[in-house]
Structures are given as structure tokens and as C-alpha cells.
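Throughout, read-outs are computed from the coordinates displayed, never taken from laboratory work. If you're wondering where the values come from, they're calculated on a predicted model, not measured in any experiment. In this analysis, Cβ positions are derived from the backbone assuming ideal geometry, glycine residues included, and neighbour counts consider all displayed protein chains.
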Amino acid sequence: MTRRIDAEDARQAKTGYPVLAVLVVSLGLAFLVWLAVEVYGQWIS
């Protein structure tokens, strides 16, 4: 026999940050690190 579960009870995790926001922030941080490495590379050469 199949038991019906509503959508609210079927969730496996709490609602958190939207995935798109996490991806955008991660991409921005990666860009900043890349920029810092480029500036450092120009400075030491």
C-alpha cells in the first residue's frame, strides 16, 4: 500500500541560499583570485 506524502514533508533539506546566487558569488571570488595572481605575476617579473 502506498502512503501519500505532501510536498512540504518530502523535502530533504531546509531552504537555503538560491543556487544561482551561490554560483555567482563563487564565480566572482574566483575572478578576484585570478586577478590577484595576474597582478602578482606582473609584479615579480
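Numbers at a glance
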item	result
Estimated distance in nm for a label pair at residue 21 and residue 40, the labels positioned 7 Å out from Cα along Cα-to-Cβ	3.0 nm
Where only C-alpha atoms are counted, convex hull volume of the chain per residue in Å³	91 Å³
